[in-house]
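What follows is a set of notes on a single structure, which appears directly below.
Bear in mind these aren't lab numbers, they're just calculated from the coordinates by the rules spelled out. For clarity, every value in this text was computed on a predicted model and none was experimentally measured. Using ideal geometry, Cβ is built from the backbone for each residue, glycine included, and neighbour counts are taken over all protein chains shown.
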Amino acid sequence: NRVVYFVKRPEGMISESCFEIREEAFPTPEEEQVIVKSLYASVDPYMRGRMSLGKSYTDPFPLNTPMQGAMIGEVVDGGDTDLKAGDRVSGVWPWAEQARIARAKLKKLDPSVPPTAALHVLGMPGLTAYIGLTKFGQPKPGQHLAVSAAAGAVGSLVGQIGKILGLHPVGIAGSDEKCQSLLKLGFEGAVNYRHAEFPEELKKALPNGVDIYFDNVGGPVTDAVMALLNPHARIAICGQIATYNGDPASWPKRPLFADLLVSRARAEAFIVGEHQADFPAALTQLHNWYRQGRLRVEESISDGFDQLIPALVGLFHGANRGKAIVKTN
Ligand code: NDP
C-alpha cells in the first residue's frame, strides 16, 4: 500500500523534496472501520500553510506522518457497518492507495452526482465561494465584483454565483487561456495579471470600480484592485496564496488601510470551516444550481498516485484550471 509522507518543512517555495512515497503493509481494521480504496484526492493551497510552523488558524502537519486531505473512495469492505463494497464515499483520510477509516468519518455519496463534485461545487470550494460571497461580500444586484485566482476552484465558482445573484463579475488569472475560459463561464471581463500593463487593463475592465473584491491571492494583484474600490466596498479575504511561500516580492506595496479609509470599505477574512451552521443551506442552494446546469467547474485531473506531489506543488505555479484533483486508483 503506497502512502505519501510529509518529511521536510519547505523553506520558501514548496518542492517535491518535502514528500516521500513509502510502501507499507496494510493495517488490520478495527471494529466499526471501513476499508476504502482511494479513487480521487483533492490537492489544496491550505496544505502549504500546514507545512510551516508559523502562526496559523490550524495545527501544522507533523513531520514524518502521512499527508491527508479531502478524498473520494470506493468501499472495499464495509465490515460491520451499513456500507457495502462498491459504495462511493467522501471524507478526509491519508494520501494512501487504501485506508481504513471510522464509519462516522465517511459520507456516502449520492450515486446520481459525479463523485468528484464532492471535491469542488458540493465540497469545500463550493461552500467557500458561496459563504464567502454571500456573507462577507454582501452582494446587491448590479454591483461590480472582482475575483482573484478566478480560474481556480473557489474563484471560478465565485464569479458564477455572483452572476446568478445579479453582479457583474470580472476575473483575474495568470494566463490568457485561463482568461478565455472565464468568459465562457459567464464572467463579464477577465484580466491576466502577468501582463506588464495589468493595473491599467484591470481599470479598463472595471470602468465602474469595484463594490466587492473576493480575494484569493493578496500581493500585487490585490494592490491593483485596492486602487479601484468604490465607496463602502466589501473585501472578502478568502486566501493570500501569493504569500504562502514566503516571498517578500509578493507582499503588498500599497497602504491598504489607507485605501480602506478613503473608500470607507470593509475587509474581513473568513475560514469556511468556522461557518458550519451555514453549510446545510449553502449545500442546498449549490446542489440546485448545479443540477440546473448553472454552475460548472473545470477539473484538472492528474492521473496516478505518483501525481499527488507534483499536483500539489503545481497549485503554486498555476498549473491547474478549475479544481486540481488527482486520480489515485
Ligand atoms: P485554486 O484552484 O485557485 O489554485 C490556486 C491558484 O492560485 C493557481 O492555479 C494560480 O492560478 C493561483 N496562484 C498561485 N500562486 C499565485 C501567486 N503567487 N499570485 C497569484 N496567483 C497565484 O485554489 P483554490 O480555489 O482551492 O483556493 C483559492 C484560494 O482560496 C487560496 O488562496 C486558498 O488558500 C483559499 N481558500 C480559502 C478558504 C477559506 O476558508 N478561507 C477555503 C478554500 C480555499 P493563476 O494561474 O491564476 O496564477
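Structural remarks
- Cα gyration tensor shape of segment 124-273, rounded if a/c is under 1.5, else prolate or oblate by comparing a/b with b/c: rounded
- Nearest 10 degrees, 0 to 90: helix 153-164 Cα axis against the chain principal axis: 50 degrees
- Options VAL262, VAL221, THR134, ranked by Cα towards positive dipole end of segment 124-273, top entry (Cβ charges): THR134
- Principal semi-axes of the equivalent ellipsoid, √(5λ) from the alpha carbon gyration tensor of the chain, are 36, 22, 17 Å from largest down.
- Within the chain, percent of DSSP bridges classed antiparallel, to nearest 5: 55 percent
- Taking the centroid of alpha carbons for each part, segment 91-110 and segment 221-248 are 35 Å apart.
- A protection proxy built from the mean count of other Cβ atoms within 10 Å ranks the segments 59-69, 88-98, 149-159, 311-321, most packed first, as 149-159, 88-98, 311-321, 59-69.
- Degrees separating the helix 279-291 axis from the principal Cα axis of the chain, which is the longest one: 80 degrees
- ARG291 versus GLU31: modelled label distance in nm, points set 7 Å from Cα along the beta carbon direction: 3.9 nm
- Neighbourhood net charge (14 Å Cβ-Cβ; Lys/Arg +1, Asp/Glu -1) for ALA265: 0
- Between ALA324 and ALA153, SER300, the built amide H atoms are under 5 Å apart, and every one of these is 5 or more places off in sequence or on another chain.
- Look at the alpha carbon pairs under 8 Å that are at least 6 residues apart: their mean separation over the length of the chain gives a relative contact order of 18 percent.
- Using θ = phi - 60° and Karplus 6.51 cos²θ - 1.76 cosθ + 1.60, couplings along segment 192-208 (whole Hz; Gly, Pro as x): 8, 6, 7, 5, 4, 8, 3, x, 5, 5, 5, 4, 5, 6, 10, x, 9
- Value at 222 nm in deg cm²/dmol, rounded to 500, when DSSP H runs of n ≥ 4 in the chain each add -39,500 (n - 2.57): -6500 deg cm²/dmol
- Within the chain: Cβ-based charge dipole about Cα centre, in debye rounded to nearest 20 (Lys, Arg +1; Asp, Glu -1): 860 debye
- Hits among lysines - C-alpha to C-alpha of LYS184 under 18 Å, sequence gap 8 or more where chains match: LYS163, LYS323
- Rounded to whole Hz, the Karplus (6.51, -1.76, 1.60) HN-Hα couplings of segment 2-19, x for glycine and proline: 7, 9, 8, 9, 8, 10, 8, 6, x, 10, x, 4, 4, 9, 5, 6, 7, 10
- Positive-pole candidate from VAL170, SER148, HIS232, dipole of segment 115-262, charges at beta carbon: HIS232
- Length added when fully stretched, ALA85-LEU256, from 0.36 nm per residue minus Cα-Cα: 56.2 nm
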